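Below: one structure, written as structure tokens.
Just so you know, all these numbers are worked out from the coordinates, no wet-lab data involved. What you are looking at is a predicted structure, and each value in this text was computed from that prediction instead of being measured. Backbone-built Cβ (ideal geometry, glycine too); neighbour counts: all protein chains shown.
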There are 2 protein chains.
Amino acid sequence: MDVLRKHIEKVIVLTDEEFSFVSSCFTPQHFQRKEYIFRPQERVPFVYFIVSGLTMLVYIDDDGNEHILSFAMDDWWETDFGAFLHQRQATMGLHCLEDTVVLKLSLDGYQAICAHCPKMEHFFLAKANGGHIASQHRILSFLMADAKMRYDWFLERYPSLVQRISKTLLASYLGVSRETLSRLSRQR
Amino acid sequence: MDVLRKHIEKVIVLTDEEFSFVSSCFTPQHFQRKEYIFRPQERVPFVYFIVSGLTMLVYIDDDGNEHILSFAMDDWWETDFGAFLHQRQATMGLHCLEDTVVLKLSLDGYQAICAHCPKMEHFFLAKANGGHIASQHRILSFLMADAKMRYDWFLERYPSLVQRISKTLLASYLGVSRETLSRLSRQR
DNA sequence: GGTTAATAGTGATAAATATCACAGTTTTTA
DNA sequence: TAAAAACTGTGATATTTATCACTATTAACC
């Protein structure tokens, strides 16, 4: 819970009482490597604050191929936001790449927090905007750069992540075939 | 202003007083076709609610090539969110493709609205999440589909927009060369 | 500890897409 | 309304990337 408070207080300041209420809405949970936090078609009752570990948000297409929307690690919020906010079936799955500890928050808890402590709505808004901005950067990378540049940018931006994921997964994230990525990483 | 109220009330309900305060924070402005609402490197003091017309959010790379992050028309909110929220220089430009009427809202106005009427923070959060979800769809389109499929999806999803933009711009939005798009649109 | 599964590299080839060059058309603007 | 600019289509060719096939290596699991 300490991690959560530090995380929130990068954006807004909370009194002890406020944080005590906020934290009472979260439930910790542990997942193992290779477990799914949720799968496509399932309900998504929670948004997850990732305390430790590593997950990926994946979309599975009609041919069964996995496409990686994002990796999420320490200090990130993740869920299928469309499904969570509208209480619908997931279109994506959230898959653990390492043993992962999360703090989960239900939609009711989320609304209780916003009602009880309006500052938190500001915090969530800041996070949502951050997510939007990050997505725009990724879109730009597809518009501007070829596979090699996208790979180089990823190395620059997430040097620590590169150590923790396979080339196969990185290729999928970057939108190139495994083989092409292998050839790119050689020529440097 | 009527348009704005209808737009907001798709998400939350406002009393007359509340809406009167909200609308007092907005200023209408008219732009002509080909004008820039803001350019890269400029300050971005406002977020823009587009009442009518058509704009595109563009990033200009080191070689001077324009890349289109999004088209925005009636009922959309647009700005360089990173620059607006942190009051920094724009990394993108907002360019009018048609004569465009906007309602602009400053960061102060935005914060006044949130302070005076907390429900509105919920509204803005819903919009931010909507933007995030839309971006994720676009990312998926790059991961899953080739140029032809992205083109077909665009036709399906935005049939009315297709009539209003040149193929050159559409190609740029889809991340393919003008020539390739021309050949794709022939083979169908 | 031995078997199975996942990961990684690489050659050969096919497919998708970009680039260059040019011509015809439409739209803008002075 | 004439000239300039922007848009569009298309051929020829080069480049990028995917796919298939195979091998080697490493990690996971009973």
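Things to note:
- When B:82, B:109 are checked against the criterion of being in contact with a helix residue (DSSP H, G or I) (Cβ under 8 Å, 6 or more places away or on another chain) and not in a loop (DSSP other than H, G, I, E, B), B:82 stands alone in meeting it.
- Taking first residues from the range A:161-188 that are of a type in the set (Lys, Arg) and partners that are near DNA strand D (Cβ under 8 Å from one of its atoms) and in a helix (DSSP H, G or I), the Cβ contacts under 8 Å between residues at least 6 apart in sequence or on separate chains come to A:167/A:178; A:167/A:181; A:178/A:171.
- Verdict on residue A:58 being touching a Gly at 6+ places or on another chain (Cβ under 7 Å), part of a strand (DSSP E or B) and either within 16 Å of DNA strand D (Cβ to nearest atom) or within 12 Å of chain B (Cβ to nearest Cβ) (or both): yes
- When A:172, A:160, A:182 are screened for being within 13 Å of chain B (Cβ to nearest Cβ), assigned to a helix (DSSP H, G or I) and either more than 8 Å from DNA strand D (Cβ to nearest atom) or among the small types (Gly, Ala, Ser) (or both), only A:172 passes.
- The one condition in (1) over 25 Å from residue B:90 (Cβ atoms); (2) at the interface with chain B (Cβ under 9 Å from one of its Cβ atoms) that residue A:120 fails to fulfil: (2)
- Residue B:70 being among the polar types (S, T, N, Q) and either under 21 Å from residue B:154 (Cα atoms) or touching a His at 6+ places or on another chain (Cβ under 7 Å) (or both): yes
- Selection within the range A:34-52 - part of a strand (DSSP E or B) and of a type in the set (S, T, N, Q): A:52
- Residue A:75 vs. criteria in a loop (DSSP other than H, G, I, E, B), among the charged types (D, E, K, R) and touching a His at 6+ places or on another chain (Cβ under 8 Å): yes
- Residues considered: B:98, B:121. Of these, the only one that is touching a Leu at 6+ places or on another chain (Cβ under 7 Å), within 16 Å of DNA strand C (Cβ to nearest atom) and outside any strand (DSSP E or B) is B:98.
- Note on the range A:163-179: residues that are near DNA strand C (Cβ under 8 Å from one of its atoms) and of a type in the set (Ser, Thr, Tyr) amount to 2.
- Hits in the range A:62-82 - residues which are among the charged types (D, E, K, R) and either facing another protein chain (nearest Cβ under 9 Å) or closer than 23 Å to residue A:110 by Cα (or both): A:74, A:75, A:78, A:80
Let's see how each residue does on (1) among the β-branched types (Val, Ile, Thr); (2) surrounded by fewer than 17 Cβ atoms within 10 Å (Cβ to Cβ); (3) touching a Phe, Trp or Tyr at 6+ places or on another chain (Cβ under 9 Å):
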| site | (1), (2), (3) |
| --- | --- |
| B:98 | no, yes, no |
| B:108 | no, yes, no |
| B:117 | no, no, yes |
| B:122 | no, no, no |
| B:125 | no, no, yes |
| B:129 | no, no, yes |
| B:133 | yes, no, yes |
| B:139 | yes, no, yes |
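- Candidates in the range A:145-157 are the residues that are away from every other protein chain (no Cβ under 14 Å) and surrounded by fewer than 15 Cβ atoms within 10 Å (Cβ to Cβ); of these, the one that is nearest to DNA strand C (Cβ to nearest atom) is A:155.
- Among all residues of the range A:131-144, there is none that is within 11 Å of DNA strand C (Cβ to nearest atom) and outside any helix (DSSP H, G or I).
- Conditions (1) within 16 Å of DNA strand D (Cβ to nearest atom); (2) under 30 Å from residue B:88 (Cα atoms); (3) at the interface with another protein chain (Cβ under 10 Å from one of its Cβ atoms): number failed by residue A:125: (1)
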